[in-house]
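S.K.: This is the structure I have questions about; it appears just below.
The values are calculated or read from the model by the stated rules, or taken from the named source; none is laboratory data. No experiment lies behind these values; they were computed from the predicted model shown. Because the Cβ atoms are built from the backbone with ideal geometry, glycine has one as well, and the counts that use them run over all protein chains shown.
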Amino acid sequence: MSLAETANDNVAPRPAEEAKPDTQQTPSPPPAAGVPMPVWKMPLYMAASVLLFLTQGLGMNLLTANIYQLQGSFSATTTEVSWLSAAYMAPYASMSIALFKIRTQYGLRRFAELGIICFVVAAVLNLLVTDLHSAIVVRTLSGMAAAPLSTLGFLYMLEPFPQEKKLSLGISLALMCTLFASPVARIVSPSLLQFGGYEALYMFEMGLALIVFPIIYLLPLTAPPRANVIQLHDILSYLLLAVGFGCLAVVLTLGRLYWWFEAPWIGVLLAISVGSIALMLVIELPRNSPLIDFRWLFSGANMRMAGVLLLFRFVSSEQSSSAASFYQQLGLLNDQTVTLYAVILLASLAGGLFCAFLMTTRYVETAHVFALALIAGGAFLDSQSTSLTRPPQMYLSQAMVATGAAMFLPPVMAKGFKAAISRGMPYIVNFLVIFVFTQSIGSLFASAMLGTFVTIREKFHSNVLVEHILLQDPIVAQRISQLSAAYGKVLGDKMLLNAEGLVLLAQQVSREAYILAYNDTFLVIGYSSVFGLIVILFHQAWRRLARARTSQPDATPAPS
């Protein structure tokens with residue numbers, strides 16, 4: 001997603017000497033800047049924003065939600081199918097930074113038309129996929145084409161609101177819409193797969209793209225003035241950044257599947273990533289007007305904001321990554337979790353609307369407190385899971401996590417957004433780097449670290465459980481006999497029966513070890529949320545004390 005890209009079009013004015021009009025004609029001109037939009041048009045633009053976010057988000061989440069079901073379609077293992085996610089995220093992780101300057105220089109109208117056409121073409125190409133290799137190539141193109149749609153989703157949500165509400169109500173509703181794609185993908189996937197397999201998933205994505213296509217022409221956006229902002233050195237710097245972010249995205253997506261120290265190419269990609277970003281740093285530091293101002297980027301305020309955003313990505317992975325993998329470990333398919341994800345969708349809506357209300361009051365900072373408290377409570381409830389846990393037992397905990405996730409991001413993004421706008425348009429690009437890195441790369445990093453933690457803890461719990469399983473134990477022998485009884489009618493050899501019983505017992509031990517590992521992960525997320533909550537409360541208390549100290553009049557009498 002590309003929240004910070006919207007600033008140049010909706011909030012920050014441009015110098016008059018750099019501006020030149022957008023000559024593209026529109027079928028029905030949008031309202032001029034400063035003129036309120038008719039009330040009957042506002043729901044249309046907001047609905048268009050929701051549809052754009054769903055179209056962009058489903059392209060990524062439909063694949064993630066059905067990665068196990070796609071193994072048979074591509075005759076590949078889970079690890080091989082995961083290359084589709086890596087191919088999608090590699091270009092998507094950095095495209096928003098380039099699109100901001102492209103849109104500023106060549107105009108919003110051309111940007112919108114070209115962006116939606118590229119996405120439609122990519123959606124059509126998905127239907128022509130015949131094997132895994134061609135699917136990887138097409139998913140790379142889809143990742144490049146999806147970045148403009150997230151930008152358009154923000155623009156359409158901000159368009160109906162007056163200037164003073166764009167950075168409060170508008171941003172809150174736009175960020176809320178970014179949470180809808182993941183649960184919707186889990187809800188619609190069972191019906192789509194039953195209808196036509198993986199081709200039905202791609203056909204659904206293409207259908208949404210074709211529905212969105214005429215929206216760009218029927219509901220035009222306010223076209224801001226254009227400015228020449230692209231320099232020759234910007235192209236080289238962006239290419240280095242794209243290579244660095246792309247390689248890092250592939251490493252974080254596939255590192256825990258191939259295991260970090262087992263595949264040599266993981267180290268090679270990581271070295272290329274670090275080298276590319278370091279070379280970009282060398283190029284950008286001496287420039288008078290750099291693409292990224294690293295000195296401002298690494299200031300204390302920005303580092304604190306990046307830390308808060310990374311904390312959000314980490315704790316919100318409780319639902320998007322850990323809980324979803326937990327259901328799969330229990331053997332639950334998407335059709336068994338439809339109701340659960342419907343509850344998550346409604347909770348995200350409720351949390352987003354409540355946060356939007358807080359953004360219009362003076363109690364904005366309390367949103368973080370509510371969000372972390374809810375996520376911590378939900379994580380601690382999930383940490384009590386067993387092999388008998390089913391979706392109905394997780395309705396409350398997952399609703400709490402979804403509500404908290406919807407309330408966390410808008411306040412910190414609005415604050416950082418205003419700080420960047422106050423310094424001028426070049427700093428919006430720098431803010432965009434923070435946003436993209438913490439949300440795209442940060443999300444992959446959180447999922448990779450939590451997945452690695454689950455693997456390590458599973459090995460630990462497996463060893464502990466196996467140590468207490470002795471074949472001389474009468475209870476263990478009885479359990480093996482019960483498990484092998486299912487094969488008694490087809491196997492007459494007692495040795496083979498015992499071997500099958502041992503295999504089934506080992507599967508049960510592995511399942512229980514994974515459940516204990518996921519419980520440990522939920523506990524880590526819960527404690528991290530509590531730690532973040534304590535830090536934020538102390539920070540707010542410190543700021544209030546400092547504000548009260550500066551507002552007190554000086555009691556020392558002035559000398560005569």
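S.K.: Under 19 Å from the mean Cα position of the chain (by Cα) and under 22 Å from Phe531 (Cβ atoms), is that true of Ala301?
M.R.: In short, no.
S.K.: Let me ask something else about it. Criterion first (part of a loop (DSSP other than H, G, I, E, B), over 28 Å from Ser383 (Cα atoms) and either at pLDDT 85 or above or in the same structural domain as Ser325 (by TED's automatic domain parsing) (or both)) does Leu471 satisfy it?
M.R.: yes
S.K.: Consider Gly197 carefully, then state whether it is closer than 22 Å to Glu80 by Cβ, modelled with pLDDT under 80 and surrounded by fewer than 20 Cβ atoms within 10 Å (Cβ to Cβ).
M.R.: yes
S.K.: Next up: Return the residue satisfying two criteria in turn: it lies in the stretch 395-412 and is small (Gly, Ala, Ser) and out of contact with any Ser or Thr (no Cβ under 6 Å at 6 or more places or on another chain), and of such residues it is farthest from Ala376 (Cα to Cα).
M.R.: Ala399
S.K.: Another one. With respect to Ser273, determine if the residue is of a type outside the set (A, V, I, L, M), without any contact (Cβ under 8 Å) to a residue 40 or more places away in the chain and surrounded by fewer than 16 Cβ atoms within 10 Å (Cβ to Cβ).
M.R.: no
S.K.: Among the listed residues Val243, Val250, Val212, Val268, identify the single one that is β-branched (Val, Ile, Thr) and farther than 29 Å from Gly57 by Cβ.
M.R.: Exactly one of Val243, Val250, Val212, Val268 is β-branched (Val, Ile, Thr) and farther than 29 Å from Gly57 by Cβ, namely Val268.
S.K.: Where residues in the stretch 529-560 are of a type in the set (Ser, Thr, Tyr) and more than 25 Å from Leu311 (Cα to Cα), which of them is modelled with the lowest pLDDT?
M.R.: Ser560
S.K.: Quick check, is Ser289 polar (S, T, N, Q) and under 24 Å from the mean Cα position of the chain (by Cα)?
M.R.: Taking the combined requirement at face value, the residue does not satisfy it.
S.K.: Out of curiosity, is Arg423 modelled with pLDDT under 80 and within 28 Å of the chain's Cα centre (by Cα)?
M.R.: yes
S.K.: Within the stretch 298-317, does at least one residue satisfy the condition of being small (Gly, Ala, Ser), surrounded by 15 or more Cβ atoms within 10 Å (Cβ to Cβ) and out of contact with any Leu (no Cβ under 7 Å at 6 or more places or on another chain)?
M.R.: Looking through the stretch 298-317, at least one residue is small (Gly, Ala, Ser), surrounded by 15 or more Cβ atoms within 10 Å (Cβ to Cβ) and out of contact with any Leu (no Cβ under 7 Å at 6 or more places or on another chain).
S.K.: Now a separate question. Here are some residues: Leu125, Leu149. Which one is of a type in the set (A, V, I, L, M) and crowded, with 24+ Cβ neighbours inside 10 Å?
M.R.: The unique qualifying residue is Leu149.
S.K.: Here is a follow-up. Does any residue of the stretch 381-391 turn out to be crowded, with 21+ Cβ neighbours inside 10 Å, modelled with pLDDT of 80 or more and either among the hydrophobic types (A, V, I, L, M, F, W, C) or not assigned by TED's automatic domain parsing to the domain that holds Leu310 (or both)?
M.R.: no
S.K.: Something else about it: Return yes or no: is Glu159 among the charged types (D, E, K, R), out of contact with any Gly (no Cβ under 7 Å at 6 or more places or on another chain) and at pLDDT below 80?
M.R.: Here the answer is no, as Glu159 does not meet what is asked.
S.K.: Picking from Ile102, Ile117, which residue would you name as being more than 22 Å from the chain's Cα centre (by Cα), in the same structural domain as Leu149 (by TED's automatic domain parsing) and surrounded by fewer than 16 Cβ atoms within 10 Å (Cβ to Cβ)?
M.R.: Only one candidate qualifies: Ile117.
S.K.: If you don't mind, another one. Can you find even one residue in the stretch 282-292 that is within 30 Å of Asp520 (Cβ to Cβ) and either assigned by TED's automatic domain parsing to the domain that holds Tyr68 or touching a Pro at 6+ places or on another chain (Cβ under 6 Å) (or both)?
M.R.: no
S.K.: So, restricting to helices (runs of 4 or more DSSP H) that lie completely within the stretch 83-164, which ones have at least 3 residues that are more than 26 Å from Leu218 (Cβ to Cβ) and among the aliphatic types (A, V, I, L, M)?
M.R.: Qualifying helices (runs of 4 or more DSSP H): 83-106, 132-158.
Residues are listed down the side, and each one gets a yes or a no for (1) modelled with pLDDT of 75 or more; (2) over 26 Å from the mean Cα position of the chain (by Cα); (3) assigned by TED's automatic domain parsing to the domain that holds Met449; (4) in a helix (DSSP H, G or I):
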site: Ala485; (1), (2), (3), (4): no, yes, yes, yes
site: Val490; (1), (2), (3), (4): no, yes, yes, no
site: Met495; (1), (2), (3), (4): yes, yes, yes, yes
site: Glu500; (1), (2), (3), (4): yes, yes, yes, yes
site: Leu504; (1), (2), (3), (4): yes, yes, yes, yes
site: Tyr514; (1), (2), (3), (4): yes, no, yes, yes
site: Tyr518; (1), (2), (3), (4): yes, no, yes, yes
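S.K.: Determine whether the stretch 66-78 contains at least one residue that is modelled with pLDDT of 85 or more and outside the structural domain of Met280 (by TED's automatic domain parsing).
M.R.: Scanning the stretch 66-78 turns up no residue that is modelled with pLDDT of 85 or more and outside the structural domain of Met280 (by TED's automatic domain parsing).
S.K.: On to the next question. In this structure, does Tyr92 turn out to be within 22 Å of the chain's Cα centre (by Cα) and under 30 Å from Leu358 (Cβ atoms)?
M.R.: no
S.K.: Let me ask something additional. For the stretch 318-339, which residues satisfy the criterion of being of a type in the set (A, V, I, L, M, F, W, C) and either over 28 Å from Leu533 (Cα atoms) or surrounded by fewer than 22 Cβ atoms within 10 Å (Cβ to Cβ) (or both)?
M.R.: Of everything in the stretch 318-339, those that are of a type in the set (A, V, I, L, M, F, W, C) and either over 28 Å from Leu533 (Cα atoms) or surrounded by fewer than 22 Cβ atoms within 10 Å (Cβ to Cβ) (or both) turn out to be Ala324, Leu330, Leu332, Leu333, Val338.
S.K.: Could you pull out the residue among Val50, Val35 that is closer than 30 Å to Ser443 by Cβ and either at pLDDT below 75 or β-branched (Val, Ile, Thr) (or both)?
M.R.: Of the residues listed, the single one that is closer than 30 Å to Ser443 by Cβ and either at pLDDT below 75 or β-branched (Val, Ile, Thr) (or both) is Val50.
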